[in-house]
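Read-outs: derived from the displayed coordinates by stated rules, not from any lab. Keep in mind the model is a prediction, meaning the values are calculated, not measured. A quick note on method: Cβ atoms are made from the backbone with ideal geometry, for glycine too, and the neighbour counts reach across all protein chains shown.
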């Protein structure tokens, strides 16, 4: 069970890094994936901080929870602003 948890966390970190680089490059879709990965971290670290018995990593769990929550709120606000910019662009015809 612990091996699967570590593998999924490693996959989530890789997804977060790749989608963060894509968002930095200006991709709106990568921003949505980045927000989803951040929300996964919020969910996972709420479980780690609240449901797992207190251990020596509790402060690290709470720190990652706080940072990922802050980043998720920031990302959602940024994506909302870019959605408005996408809606204001003039539509182009592809054919005809």
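Stokes-Einstein diffusion of region 2-88 at 10 °C, 1.306 mPa s viscosity, Kirkwood radius from Cα pairs, rounded to a whole number: 115 µm²/s.
Treat the count of other C-beta atoms within 10 Å as a stand-in for reagent exposure and order 4, 24 from fewest to most.
Details: 4 8, 24 11.
If I rank by nearby Cβ atoms, fewest first, I get 4, 24.
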